[in-house]
Amino acid sequence: MRFNVWTIAVLGVWLLTWCWPVSAAGPAEMEFRGLIWRTIDRYYHPGIYAEIYDRASNRRLLDKAREAGANFLLLRAFYSCSQGGELVGDEAEAERYLGQAIAAAHAAGFRVFLTPYVESACFWPERRCTLSEEAWTGAVLKWAAFAEEHAVELFSPGFEMSLIFEPARAAGWYKGILPRLRRVYSGRIAIAEHPYIGTGRWQVLDREGAFVGYDCLGIAVFPWKRYGDEIDLRTLDDYRADAAQRAELALGIAHRQGIDCVFFSALGMDLWRGGEPDPEIRAWAYELGLQVAAQYGLCGAFLHSWASEPDHLGNSTAVERMLRRVWAEGGG
């Protein structure tokens, strides 16, 4: 292929519209050196905020995040759901404890990514729950106003809505909620989607321009591979290849829909050789994922299970030690 001066200039301008030029930034220089605060999604119940968002726990976790070199923290307002479509959650409790957590994070120099959250695994592959679009819209707008009140820097109207709603319905909902969000929240608004359950879902979201007008596109990356009839993850090379494939997918969609901020909204690991990964394996995999994010010019990543905390990795500091080297010391 031949390139003239005009073509090269156009390509240069296009690359500069991304948050970081491809391969120019290492993991320590990315905009979002992000960590997910608590991982209580699959066992949420009213009352849990008081159990694990107390002031002492907040201080302990913030100290660990600071030592790891993080600069952004993702907090979730948790709900559970029902067959009848109702949301279950103590919003007064959530507002109280999340407000305290956000204030503590800001005082410690962190920025905050906030999203209302209902576990998408409850909706696929079997729909054990349904969700009223009207109920979810009300919850999202409430939390967007809360985010504005608490000077939250980044907000998402949910995680993985194309699994919770059917894709065409999710696309219409994403487009409809955005102008209403803009009226109550002045910060950046991000999509946080799931890039795994069949290409058909992404094709619908892409075809319908579901993300046009959003500031950022985030995707959740939990690598797996099909080995014959089994779904598993057996090598770290396969982890890296999966993360790279998801990065390419997200960048393509973001480019077509005019978004210049792309990140891994949850970088995690569920599978390893027929079981769950131990913390040391997880740390190696996460380092590869962060390298992929940097190499593809993404804005960063939010790690899912990272802390030596009961709802993360127990007593293990393996991921924290890796992050200190890669983020805090710039050794990635």
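No lab work stands behind these numbers, since they all come straight from the coordinates. It should be emphasised that the depicted structure is a prediction, and the values quoted were computed from it without experimental measurement. Every residue, glycine among them, receives a Cβ derived from its backbone with ideal geometry; neighbour counts consider all protein chains shown.
For residue 271, what charge total do you get from the other residues with a beta carbon under 12 Å from its beta carbon, if Lys and Arg give +1 and Asp and Glu give -1?
Details: positive: 225, 226, 234, 273, 282; negative: 230, 232, 238, 242, 270, 276.
Around residue 271, the surrounding residues sum to -1.
Determine the shape class of the stretch 136-292: with a ≥ b ≥ c the square roots of the Cα gyration tensor eigenvalues, call it rounded for a/c under 1.5, and otherwise prolate if a/b is greater than b/c, oblate otherwise. Write down the numbers at each step before the final one.
Numbers: a/c = 2.14, a/b = 1.72, b/c = 1.25.
It comes out prolate by the Cα gyration axes.
What does the extension gain come out to for residue 55 and residue 29, with contour length at 0.36 nm per residue minus their alpha carbon separation?
Working: separation 26, 0.36 × 26 = 9.36 nm, distance 3.02 nm.
Answer, rounded to one decimal: 6.3 nm.
Among 187, 210, 235, which residue has its Cα furthest toward the positive end of the charge dipole of the stretch 167-243, with +1 on Lys/Arg Cβ and -1 on Asp/Glu Cβ?
Of the listed residues, the answer is 187.
Restricting to the chain, compute how many DSSP beta bridges are antiparallel as a %, nearest 5. Don't jump to the answer; show the numbers that get you there.
Numbers: 7 of 37 bridges.
Once the DSSP bridges in the chain are tallied, antiparallel ones form about 20 percent.
Looking only at the stretch 181-314, where both bridge partners belong to it, what percent of the DSSP beta bridges are antiparallel (to the nearest 5)? Don't jump to the answer; show the numbers that get you there.
Numbers: 4 of 15 bridges.
Expressed as a percentage, antiparallel bridges in the stretch 181-314 total about 25.
Please give the length that would be gained between residue 107 and residue 224 if that part of the chain were fully extended, namely 0.36 nm times their separation in residues minus their C-alpha to C-alpha distance (nm, one decimal).
Working: separation 117, 0.36 × 117 = 42.12 nm, distance 3.81 nm.
Going from the current span to full extension adds 38.3 nm.
Determine the shape class of the stretch 123-180: with a ≥ b ≥ c the square roots of the Cα gyration tensor eigenvalues, call it rounded for a/c under 1.5, and otherwise prolate if a/b is greater than b/c, oblate otherwise.
On the way: a/c = 2.24, a/b = 1.90, b/c = 1.18.
Prolate, since a/c reaches 1.5 and a/b exceeds b/c.
Within a Cβ distance under 11 Å of residue 111, other residues only, what is the Lys/Arg minus Asp/Glu net charge? Kindly include the intermediate steps, with their values, before the conclusion.
On the way: positive: 33, 188; negative: 31, 153.
Surrounding charge for residue 111 is 0.
Hey, rough spin-label estimate for residue 273 and residue 249, points 7 angstrom out along Cα→Cβ, what's it come to in nanometres?
2.7 nm
Count the net charge of all other residues whose Cβ sits under 15 Å from the Cβ of residue 293, scoring Lys and Arg as +1 and Asp and Glu as -1. Present the calculation step by step, with values, prior to reporting the outcome.
Values: positive: 33, 240, 246; negative: 29, 31, 242, 248, 287.
My count for the surroundings of residue 293 gives -2.
In the stretch 236-306, which trypsin sites (Lys or Arg not before Pro) fall in coil by DSSP and have 16 or fewer other Cβ atoms within 10 Å?
On the way: sites: 240, 246, 256, 273, 282; in loops: 273.
For trypsin sites (Lys or Arg not before Pro) across the stretch 236-306 that sit outside H, G, I, E and B with at most 16 neighbouring Cβ atoms in 10 Å, the list reads 273.
With unit charges on the beta carbon (Lys/Arg positive, Asp/Glu negative), name the residue among 200, 129, 61 whose Cα is farthest towards the positive pole of the charge dipole of the stretch 20-328.
61
With a cut-off of 17 Å, note down the residues of the stretch 163-196 whose backbone N falls inside the zone around a label point 7 Å from the Cα of residue 134 toward its beta carbon.
173, 177
Spin-label point model (7 Å from Cα, Cβ direction): what's the residue 215 to residue 66 distance in nm?
The two pseudo-label positions are separated by 2.5 nm.
Any idea what the dipole of the chain comes to, in debye rounded to 20, about its Cα centre with Lys/Arg Cβ at +1 and Asp/Glu Cβ at -1?
Numbers: 34 positive and 42 negative charges, 143 e Å.
Here the size comes out at about 680 debye.
Please say if the stretch 211-324 is rounded, prolate or oblate, where rounded means a/c under 1.5 for a ≥ b ≥ c the square roots of the C-alpha gyration tensor eigenvalues, and otherwise the choice is prolate for a/b larger than b/c and oblate otherwise?
Numbers: a/c = 2.25, a/b = 1.43, b/c = 1.57.
Here the stretch 211-324 falls in the oblate category.
In whole percent, what relative contact order does the stretch 20-328 give with Cα contacts below 8 Å and a gap of six or more residues? If you can, show how the numbers build up before the last one.
On the way: 580 pairs, mean separation 69.4, N = 309.
Over the stretch 20-328, the number comes to 22 percent.
Taking H placed 1.01 Å from N in the peptide plane, check which residues at least 5 places from residue 188 or on another chain put their amide H under 5 Å from its amide H.
Distant-sequence amide H within range of residue 188: 155.
Specify which labelled value, from (1) 51, 26, 20; (2) 35, 27, 17; (3) 28, 25, 22, agrees with semi-axes √(5λ) of the Cα gyration tensor in Å derived from the coordinates of the model shown.
Given (1) 51, 26, 20; (2) 35, 27, 17; (3) 28, 25, 22, the calculated one carries the label (3).
So, R0 is 25 Å and r is the distance between the beta-carbons of residue 153 and residue 83; what FRET efficiency does that work out to, to 0.05? Don't skip to the answer; put the middle values down first.
Values: r = 36 Å, r/R0 = 1.45.
Using R0 = 25 Å, I get an efficiency of 0.10.
Quick one: of the DSSP bridges fully inside the stretch 63-116, what percent are antiparallel, nearest 5?
Working: 2 of 8 bridges.
Within the stretch 63-116, antiparallel bridges account for around 25 percent of the total.
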